[in-house]
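Single-structure report; data block below.
Quick note: the coordinates plus some simple rules give every number you see, no bench work behind them. Everything quoted here is computed from the prediction, not taken from an experiment. So basically every Cβ, Gly included, is an ideal-geometry build from the backbone, and we count neighbours across all protein chains shown.
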Amino acid sequence: MSFTKSFLMMSFITTVAFGISNEKREFARELMPSLKKLVPLHKRMETPRRGEWLAEHPEEGQTFKEYLNCNPVLPTKTRDKIYLLPIGKLEGRYNKLVSDTSTYLRMFYNLETKLLKSISPSLIPKKARRENSYGTQLLSTYILNDILVPRLPDDAACIIALSKYDLWPGKDWNFVFGQANTRKRVGVWSLKRFGVDDKNVDYKTVLKRTVKTAAHEIGHMFTMRHCKAFECLMNGSNSLYESEGRPLYMCPHCLGKLMLLTNRNLKMHLQFMQMHTKTLKFETTSDFYKRSLNLLFPEKAVPSSL
Ligand SMILES: [Zn+2]
Ligand SMILES: [Zn+2]
């Protein structure tokens, strides 16, 4: 039987590459009061409805403290770049989409992003391809293990493939939007179902869907598990509909994790993201960052647009 499963498959790590230094622990300790202060701006997760991710995938979640104690994989001085590898020729809206996604990730993760030359889907052998109503579908596990792992650059914090083609992860699955292997720091996601080829879907919607998935996936690659405390970028999603209801920003727990790995102070992150999301006309998100800044740094309060 073939059926649709999850929004994202994850292979969680069983071993770890780097521990948390005392310096990072001190950084986290100093960050805690600000994170707690932000809690009133966030919405706690409600009991999941039938069909939603948490109704079908009971997960434990992951607090900031639990993250600190799980020896997460973090960028290092020598592994400090996010590589993006397109699968399929970038033309039309794909070109701008991939370029804008690369810029967004650079802002969000405070890591240099490098766009690699796209590879042809003909590199994927017949045994790892099939056809469905979305056209050609590629086997995500083949992309992870046989395409990305051999291409992982020495200075990569992680490498992500962006596929113009639909993906499936193996037997009994209809499709997946994305899949990542955190231990090997490789991931792939498909742009196919975001409406890039559909002229009725405006560019802003396509970009928002893409950067949300991209930032979520890369969070996993730095050992962030799905969040179940608040409505958050790191919530699991069972469908595009469920994903669209989740925010582009992170809850206080996940924001703490992000600050730990980005080596950027909280104020700077909020300012950068407020400005960048305003440029992209993601008004709700930009306004959320503005309210966060006003709450934490009231002396610089600026009027909210909502
Ligand atoms: Zn996920
Ligand atoms: Zn969260």
Under 25 Å between C-alpha atoms, the lysine pairs in region 29-101 lying 8 or more places apart or on different chains count 6
When the charge dipole of the chain is computed with +1 at the Cβ of Lys and Arg and -1 at the Cβ of Asp and Glu, the Cα pointing farthest to the positive end, of Val176, Leu148, Pro252, is that of Leu148
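If you put +1 on each Lys and Arg Cβ and -1 on each Asp and Glu Cβ, how big is the dipole of the chain around its Cα centre, in Debye rounded to 20?
Here the chain has a charge dipole of around 300 debye.
For region 123-257, what ratio Rg/Rh do Cα atoms give with a Kirkwood hydrodynamic radius?
Numbers: Rg = 15.1 Å, Rh = 15.7 Å.
Computed over Cα atoms, the ratio is 0.97.
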per DSSP, antiparallel bridges as share of beta bridges in region 71-175, % nearest 5, sits at 20 percent
Calc'd 3J(HN,Hα), region 196-207, phi into Karplus 6.51 cos²θ - 1.76 cosθ + 1.60 (θ = phi - 60°), Hz, glycine/Pro = x, comes to 4, 8, 9, 5, 7, 9, 6, 4, 4, 5, 4, 5
Placing one equal point scatterer on each C-alpha of region 209-297 and summing with Debye, one gets log10 I(q)/I(0) at q = 0.19, 0.22, 0.23, 0.26 Å⁻¹ equal to -0.90, -1.21, -1.32, -1.55
Taking Cα atoms only, helix 22-38 is inclined relative to the longest principal axis of the chain by an angle, in degrees rounded to 10, of 80 degrees
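Indicate the gyration tensor shape class of region 67-205 (rounded, prolate or oblate), computed on the Cα atoms with a ≥ b ≥ c the square roots of the eigenvalues: a/c under 1.5 is rounded; otherwise a/b larger than b/c is prolate and the rest oblate.
It comes out oblate by the Cα gyration axes.
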With Cα coordinates, the longest principal axis of the chain makes an angle with the long axis of helix 93-109, in degrees rounded to 10, of 40 degrees
Taking Cα atoms only, helix 266-279 is inclined relative to the longest principal axis of the chain by an angle, in degrees rounded to 10, of 60 degrees
Interchain or sequence-distant (5+) residues whose placed amide H lies within less than 5 Å of the amide H of Tyr134 are none
Karplus-derived 3J(HN,Hα) from phi for region 135-140 (6.51 cos²θ - 1.76 cosθ + 1.60, θ = phi - 60°), whole Hz, x at Gly and Pro, runs x, 6, 10, 10, 7, 5
About its Cα centre, region 155-236 carries a charge dipole, from +1 on Lys and Arg Cβ atoms and -1 on Asp and Glu Cβ atoms, whose size in debye to the nearest 20 is 120 debye
Singleton cysteines, the chain, no second Cys beta-carbon under 4.7 Å -> Cys70, Cys158, Cys254
Long-range share for the chain, i.e. C-alpha pairs more than 24 Å apart as a percent of all pairs, stands at 51 percent
